[in-house]
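Okay, structure first, notes after.
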Amino acid sequence: MSNLTYERPFIQKLNTGTMNKFGTRTEYAPVTHLESVPVKRIVADYGSPCFVISERQIRKNYQDAVRAFKTRYPKVQFAWSYKTNYLDAVCNIFHQEGSWAEVVSIFEYRKALNNGVPGNKIIFNGPDKSAADLELAVDNNSLIHIDHFDELYELAALLQASKKKARVAIRVNMDTGVYPMWDRFGFNYENGQAWNAITKIMSQQEMELVGLHCHIGTYMLSAAAYGTAAWKLCDLAVNIKTKWNKSLQYLDLGGGFASANTLKGSYLQGADVIPSIDDYAEAITSTILNSAIRQNELPMLILETGRALVDDAAWLVGSVVATKRLSDGRRATIMDFGVNLLFTAFWYNHKVSPAQEFSHHTEDMVLYGPLCMNIDVIRDSVNLPLLNKGDHVVVHKVGAYNMTQWMQFIQMRPKIIIIDMEGKTHIVRESESLETMLRYEKRPDHLSQSSL
Amino acid sequence: MQLNKNIAISDSGFIFNPSTGDSFSTNPVGLEIIRLLRENKKKDAIIKELTGRFSIDDSTAEKDLSDFLLVLRNYQLLNDHE
Ligand SMILES: Cc1ncc(COP(=O)(O)O)c(C=O)c1O
């Protein structure tokens, strides 16, 4: 009887009729390969944890999104939202596909320049642009999206002093029927603030109003909200045409399309409830096409789509550090990655798959990260096979916001690799080391040592 | 440490406790341990059985068994009265 395969002993009470709060049972199908690359090889070559990006999936997402809009509307331009994932390798995939850059800080702005994006194809959003930032953007002929009156007046003064010209747009916030309303950025449509800002810009010789911008929220589950937003921007555009006989070059509808992740608290899987890119495209383009804007003066439609283009193009590979039993009998599994790397675990129930074959037995468990901190929970409850120390897992759809919002806290950040179109892997960001951290520290003489 | 009497065990790993009406499913290793408990085997003896039958070391067997016994107690399948 020797040589029997061992699986740790397991017993589970059978369903007694109450609904299972652990939801669907699809998660334990093992994912042994990412595209054609074995997870085992990734861990052996690059360590665990490790972020893995798919070039193929990014290009596919981009091309699908472009197709959804271009089949409905004549002039479409995407601008890659740097904050969503500003790894140069990722940005350059988007730029190679034809995407401009959308940035919200001077750091991101310089990163875009460094990637070779021409200044006139950089959209500069965000509430924090210094005078020096604005000057640089003016000199590069970038599209400056003004967020508030302080910025508007500062830019006006700066242009008057330098006798330079700037291409500007304003960010408009508005009621689209989705709450809470994002009214902290830009100028409000309903209360007339946006119109006041437009009037001020139109009175400035040095400023050319080239477009209007809005970004109504993120992970928007309502395509109709985009119809409302587009309608309000069109209304402003038509009024500008009427009053000043000025046609705008573009309307920028921002980002916010949902990705197929599942929001916490939702019983339905993300993929089953989110609108498709076609739904969003239809809502936006049909509104603009049906507006009072003349056919021969249709503005270019800009989109700053972030998460919907990149979320499902990356995975996080990780390993089990330990399993334990909590006081109430629940199983807990400790992983080598936590909210330090998976910031989005705060609002998503990320799908986690084992990376090796298991028997059909599964158990409910809490998934913890490695931080010695109570907040470090990846999944409050998930049903997975009987994981053991050293087993690998794959977390799905982690391409948006994690590789920018991750934190160096307690642990150092791991490698990020990309799988290219031929299935070859490349490091696109090295793992951090103690030296990385120490490089930025300084020790005053009297704090340079101790003798315990 | 004693498995509750009356518990019905099927070969496929199906377990029924008539005194509470609860039913359970277990995997082959779990089933084996429950059988050994029914034979009144003590912890050390069970560990020996496990390491003899499967290619695992003592510490794995001990760790997994302790955890399993905890769950059995939680499910009121095991009591500590001798
Ligand atoms: C101005 C602006 N544009 C685009 C985006 C990208 O949004 P998303 O990732 O939801 O598409 C953001 C993100 O917050 C943003 O602030």
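The values are calculated or read from the model by the stated rules, or taken from the named source; none is laboratory data. Only a predicted model underlies this, so the values are computations on that prediction, with no experimental measurement involved. Cβ coordinates were reconstructed from backbone atoms using ideal geometry, including for glycine residues, and neighbour counts include every protein chain displayed.
Residues are listed down the side, and each one gets a yes or a no for (1) aromatic (Phe, Trp, Tyr); (2) within 28 Å of the chain's Cα centre (by Cα):
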residue	(1), (2)
A:Phe185	yes, yes
A:Trp195	yes, no
A:Met202	no, no
A:Leu212	no, yes
Might you let me know whether region A:75-98 holds any residue that is within 25 Å of A:Arg429 (Cα to Cα), more than 17 Å from the chain's Cα centre (by Cα), assigned to a helix (DSSP H, G or I) and more than 12 Å from the ligand (Cβ to nearest atom)?
yes
For residues in region A:7-18 being facing chain B (nearest Cβ under 7 Å) and touching an Asp or Glu at 6+ places or on another chain (Cβ under 9 Å), which is modelled with the lowest pLDDT?
A:Leu14
Please work out which residue is nearest to A:Lys324 (Cα to Cα), limiting yourself to region B:52-64 and to residues that are surrounded by fewer than 17 Cβ atoms within 10 Å (Cβ to Cβ) and among the hydroxyl-bearing types (Ser, Thr, Tyr).
B:Ser59
Pick from A:Asn120, A:Asn92, A:Asn115: which is at pLDDT 95 or above and touching a Ser or Thr at 6+ places or on another chain (Cβ under 8 Å)?
A:Asn120
Being away from the ligand (no atom under 13 Å from the Cβ), in contact (Cβ under 8 Å) with a residue 60 or more places away in the chain and not assigned by TED's automatic domain parsing to the domain that holds A:Leu155 narrows it down to one of A:Gly116, A:Gly47, so name that one.
A:Gly47
Of the residues that make up region A:336-343, is at least one touching a residue at least 40 places away in the same chain (Cβ under 8 Å) and within 16 Å of the ligand (Cβ to nearest atom)?
yes
Every residue from region A:385-416 that is more than 16 Å from A:Val317 (Cα to Cα) and touching a strand residue (DSSP E or B) at 6+ places or on another chain (Cβ under 6 Å)
A:Pro385
Which residues, counting only those in region A:166-194, are within 16 Å of the ligand (Cβ to nearest atom) and either loosely packed, with under 15 Cβ neighbours inside 10 Å or within 14 Å of chain B (Cβ to nearest Cβ) (or both)?
A:Pro180, A:Arg184
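Output the helices (runs of 4 or more DSSP H) that fall wholly within region A:209-310 and possess 2 or more residues being more than 13 Å from the ligand (Cβ to nearest atom), or say none.
Where helices (runs of 4 or more DSSP H) fall fully within region A:209-310 and carry at least 2 residues being more than 13 Å from the ligand (Cβ to nearest atom), they are A:224-244, A:270-273, A:277-289.
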Within region A:372-394, can one find any residue that is at pLDDT 95 or above, at positive phi and not basic (Lys, Arg)?
yes
Give A:Met421, A:Met373, A:Met403 a once-over and let me know the one that is in contact with a helix residue (DSSP H, G or I) (Cβ under 7 Å, 6 or more places away or on another chain), of a type outside the set (D, E, K, R) and in contact (Cβ under 8 Å) with a residue 24 or more places away in the chain.
A:Met421
Could you go through region A:272-283 and let me know if any residue there is closer than 18 Å to A:Val31 by Cβ and at pLDDT below 95.
no
Go through (1) crowded, with 20+ Cβ neighbours inside 10 Å; (2) in a loop (DSSP other than H, G, I, E, B); (3) away from the ligand (no atom under 14 Å from the Cβ) and name the single condition A:Ala197 misses.
(2)
Report yes if some residue within region A:216-226 is in the same structural domain as A:Leu136 (by TED's automatic domain parsing), modelled with pLDDT of 95 or more and out of contact with any Phe, Trp or Tyr (no Cβ under 7 Å at 6 or more places or on another chain); otherwise report no.
yes
Just the residues that are within 12 Å of the ligand (Cβ to nearest atom) and part of a helix (DSSP H, G or I), please, taken from region A:99-113.
A:Glu108
Qualifying residues in region A:135-165 (those that are among the hydrophobic types (A, V, I, L, M, F, W, C) and within 16 Å of the ligand (Cβ to nearest atom)) - the one surrounded by the most Cβ atoms within 10 Å (Cβ to Cβ)
A:Ile146
Which count do you get for residues in region B:47-81 that are within 9 Å of chain A (Cβ to nearest Cβ) and of a type in the set (Val, Ile, Thr)?
3
Working only within region B:23-46, note down all residues that are more than 17 Å from B:Leu70 (Cα to Cα) and within 13 Å of chain A (Cβ to nearest Cβ).
B:Ser23, B:Pro28
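For region A:333-365, what are the residues that are within 14 Å of chain B (Cβ to nearest Cβ) and among the hydrophobic types (A, V, I, L, M, F, W, C)?
Selection gives A:Phe358, A:Met365.
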Could you list, in sequence order, the residues of region B:55-82 that are in contact (Cβ under 8 Å) with a residue 40 or more places away in the chain, outside any helix (DSSP H, G or I) and aliphatic (A, V, I, L, M)?
B:Leu77, B:Leu78
Consider A:Asp235 carefully, then state whether it is crowded, with 23+ Cβ neighbours inside 10 Å and of a type in the set (Asp, Glu).
no
